Each structure stands twice: as C-alpha cells, then as structure tokens.
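For reference, the structure is listed below as structure tokens.
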C-alpha cells in the first residue's frame, strides 16, 4: 500500500498532474471564498474542462477544487464575516470577532492551519480505511448492495431538509428519473413517451448540473434588483502577518479538540449527502459543549475556528472514502466526481482500488498534495481574494451558465443533453421553491439503476424475497435504514414540537 | 384548501399514476422472473403514495392551524427569474441555429444586461466586453485545447 502511495505521490509531482491539481486547488479556494458560489457550483464549472484530460488529471483537478473549496470559505468568513460556503458558516462565529479585535491574520491562519490538520487527519482515514472497506464490500451480493443503496437513500432523505416526507419524496422522484428509458437488464424500452432520446435513459450529469446550478443561481437572481447589497468594503491596509509556528502550536496544543472535531468531520463525510455544512456546525457545537469556557464562544475564541475548519476539511476525506469503497457519493461534489469517472468508463465501487490502483492512489496523493498547495494559495492570494468577492453576480452567472451548457453538451455532443439541463434546471428551482431537498433526488438519480439491477439480480439468483432480510449484512443494512427513518421521524417531530411556528421555506441543497 | 405542499404532492401523485398506468402495457420476458415493468411500478407506486401523503399532511396541517399570511418584506423577484429562464431557453434554441460563438455572445450580453441593466455607454461597453471575453475564452479553451467540438449554427455555419 505504502509503495503504491509513494508511486502515486511521485507520479502526481509530474507537471502533467501537478498543474491541474494546483489550478483546481486555486479555483476551489477562489470559488469557496466567493459568497454565493458553493463548492458544488465550482466543481460543476470545472467539470467540462476535465473532459479533454486523462482520468487522473481530471480527478486531481477535482480533488484540488474539493480541498481548496472546503478551506476557501474561511477567508471571507474570518476577514469579512461572510461565509464563502455553507461549510464555513460556523467559522464566522469566532473568526470574524477575532479579526475585528485586531487579529485578522491570527483568525485566518488559525482556520487555514486547522483546515490543513483536519484535512490531513481525514487523509489518514481515507488511505487506511478505503481498502479494508472496499474488501468488506467485495463480500456483498446483490441483496447487500440493494440494501446498502436503500440505506444510503433513506439516511439522506431523513437527514436533510425540514420534512421527512419531502426528503423521501425527493429520493423517490430521483428514482423515477431512472425508470424512464430502457430497462438496465434486458434493454427493453419502457416509458420512453415516444421520445427517441429517452431510449438511452436520462444521463445523470446534466440532471445534476441543471438541478444544482439553476437552483442556486435562480435563488440568487430572485433576490437581485430588489435589495442590492452594497459591495463589501475591503480594507486594503489589513495586515495578515502572523507567526505560523505560534498559530500551529495554538492548534496542536488542543489535540483532543482537533482529533474529535476531525473525527466528526470524517463521520459526517462518510454518511451520504450530509456534507461540510453540517460538519462545521456540529463540530462547533461539540467544541462549545466540551469547552471549559463555553461563554467565550462567539467572541473570537480560537477553539471555535479550529473546530469548524478542521471538521469541514476532514469531511472531504470521509466523502472520498464512501465513493471509492462503495461507489456511493458522499455529497454533490463527489457525485460530480463519480460522473467524471463514468465519462472515462471507470466504475467506482469495491473493485475500483484493485482494478485502477494508479487512479485510486493518485486520488490519495492528490488529496494529500492539495493541502499544502491550498496553504500556499491562501498565503499568496488572500488579499487578492478579498477583492474578487466584489465581482458582481450579474457578470458571474451568465459565464457560469455557459460553462454548465458546455459541460452538458460535451457529454454526448448533442443538444438533447442541454435540453435535459434546462428541464431539470426548472425542476430543481421548482423543488427548492416547494421546500423539497435536492440531495435525496440526486442520490436517487445516481443509485436508481444500481438499485434496480441488484434487485433483479437478487431475484434472478433466488426468488425468495426473505433473503433480503435473512442474509445477515443485508438484514442489518435494511434494519439500519428503518432505524434511520424512525430516528429522522422522531427528530423532526421533536423539532416541530419545539418550534411550531417555524414554517419557513428554506432552500436545502 | 391546499397550500404549496399539497398542490406539489397532488401534481407528483398524478404524474406518477399516469406513468404507472403506462407501465401496465409493458411486456414481460420469460428469461427474467420480474419483467421491465416491475421496478418502475414499485417506484411509481411509492412516489404516488408519498405525493398523496404530502397532500394529506398539508391538508391536515392547514385544518389544524391555518397559516398566517407571509410577513411583508422584500418579495422574491420572480419576474426576473422568469426572464432569466427565458433568456436561457432562447440560448438553447440559438445554439444549434446560430452556433456557439454567436449564441454565447448574445446570451452572456443579454443575461448580464438583464441582471444589471446598463445605463451609461461605459456600462454597455462592459457588457459587450464581458460577452466577447467569455465567448472567445470558452471557444479557445474548449475547441482548441480540450478538443470539445462546440455547436455550429445551421443558419450561420459558424
């Protein structure tokens, strides 16, 4: 394993791979720093640029975006009080007060080095856990895979959004998308509605791009024109100079906090579709609960910054484990990475590491190398990034939509995928307005074919439906999915009882 | 009366039931114990049930406690959203007819001008430069460096 990792690291040092990795990290940091541009949006923008690259080059660029984006949000969160991404919301709670107290450099670099440390701890988990988990998944038959996918879907449906019913409905709608077109076993046409294009089924990448890009862009567009926010004033005399050794020691003096919050980040990353936005809030909450001085939280305490930033970068490692070992995307960003793999004809899942060791260890290496690159990018460009945040969205959105269109078009060199983009863009925006979360929908679209294939394979092998329950791993996974729905039901009821008046229409990605 | 959730639930249930009905005509295959319609029926039945459940829960919630009217504030600018979707729709029509370069230039300029209407000549110049820059950069990067063949126009052959 270490030999393969070393080969991966040496291979990644070649300019051919290092350049896309560094560029991806830079774009990720900038995208993460831009308020209103999420990591998902950034990776969607980068996707079409990877089509002409070899798989590892493309995946290195995407890994760079993921790592860079997870840290980039902290720059504006600490220095301007505006979280660049949802995964840096909790960083503003203490980062911005610390900066306002006259320590902007300390606030930002505590976040950067905490991201680095958390990311590296997540990397350890990624490297050491992916192989054993993939080996464990190799024991799975179609019953277990079916149950695993059902568990992933039910967990996501229960954990996101403010209504379990809407989460489940969203997941089911995603599955509906996959039943249009030929059936995956015999290729018999079904539900094509007389449309020739549907015979091949609906490709999931234009669906994903359309749903996420339009939901976010149109959500911002509807707030434009009415309440224009004044461009954030950027203090050009701001000093970010700091003793890095001192800041690092400040983090390493709190080993339990760092380990615990990174662990939270990794676990949330492993769970499908929850993502860094939950990781940083939960880690912050845990840090506050475990602190001897919880009253200092929110006033500029370093613990708050360390907890939030270590968790959201460790989360990246966890998400990559799920996609590499099981073929289940941990969040929308890894869903795009899954799509990029599919475009190059590579199947993600338990056999991924053994069949494509160069790419798998290349991803590990890219993940590890992206962290020092991220530190370097922020060191060189933090002040410059503060100016970028003033780029008007009116100029940004048309360019992003052009890149989304090129990304969709290039998938099949056909306009039909662009029409899919538009249709699902409308659908995604409609879902957000109806308060239906998008994450279960996307997971349903990604897993739908796999669920059907494994269900049919299981029944073709042995028609006894009880095997889904009586085979130990399958039974446990199904029991866990029932438990996750029950837990979500209990949690939603508890929240509703506590806040009966809350009936907002929060957009949940 | 049903609210937003109820109407969405009913729409989903209706669409699912129509598709469910279409699956009834699918022929099975003797080689596969469960035919091509089995899984879609399972999924569509579940979706219809969830849609109806959402409609029912909305109806019950409204019966229990009628919702207060939304608080006054800055209402979402749906007209701008509709116009932005319209511009994108026009872009999807223009791509195969005018070609990537002409369509993209027009799209970027139109959407930029729609979202931030230019008033002075300098602002118009900025709109044109953005559209030109985005089009040329996208064309050069994708066509020349990444070998992605972008659409040519039927009318313009460009």
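Remarks
- In chain A, helices alone account for a calculated mean residue ellipticity at 222 nm of -24500 deg cm²/dmol, with every DSSP H run of four or more residues adding -39,500 (n - 2.57).
- Across chain A, Cα pairs under 8 Å and at least six residues apart give a relative contact order of 28 percent.
- Inter-centroid distance (Cα atoms) of segment A:331-369 relative to segment B:9-34, Å: 35 Å
- Segment B:98-158-segment A:443-464 distance, computed between alpha-carbon centres (Å): 44 Å
- Contour excess over end-to-end distance, with Cα ends at residue B:126 and residue B:143 and 0.36 nm allotted per residue: 3.6 nm
- With the simple model of a label 7 Å out from the Cα in the direction of the Cβ, residue B:18 to residue A:138 spans 4.9 nm.
- Here segment A:66-109 and segment A:163-202 have alpha carbon centers that stand 42 Å from each other.
- Prolate/oblate/rounded label for segment B:78-145 (Cα gyration tensor, a/c 1.5): oblate
- Neighbour-count ranking [beta-carbon atoms within 10 angstrom, fewest first] of A:308, B:16: B:16, A:308
- Segment B:4-64 - Rg and Dmax from Cα coordinates, angstrom: 14.8, 53
- Ascending count of other beta-carbon atoms within 10 Å, so fewest first, for A:261, A:135: A:135, A:261
- Prolate/oblate/rounded label for segment A:68-174 (Cα gyration tensor, a/c 1.5): oblate
- Cα gyration tensor category, rounded, prolate or oblate, for chain B with a/c compared to 1.5: oblate
- Linear extension gain, residue A:248 paired with residue A:462, 0.36 nm per residue minus alpha-carbon span: 71.3 nm
- For B:5, A:331, A:285, order by how many other beta-carbon atoms lie within 10 Å, fewest first: A:285, B:5, A:331
- Across chain B, the relative contact order, built from alpha-carbon pairs under 8 Å that are at least six residues apart, equals 22 percent.
- Subtracting the Cα-Cα distance of residue A:220 and residue A:101 from their residue separation scaled by 0.36 nm leaves 39.7 nm.
- Values of log10 I(q)/I(0), in the order q = 0.06, 0.09 Å⁻¹, for the protein assembly as shown under a Debye, Cα-only, solvent-free model: -0.33, -0.77
Each reported figure results from applying straightforward, stated rules to the coordinates on display, with no laboratory input. Because the structure is a prediction, the values reported are computed rather than measured. Methodologically, a virtual Cβ is constructed for each residue, glycine included, from the backbone with ideal geometry; neighbour enumeration extends over all protein chains shown.
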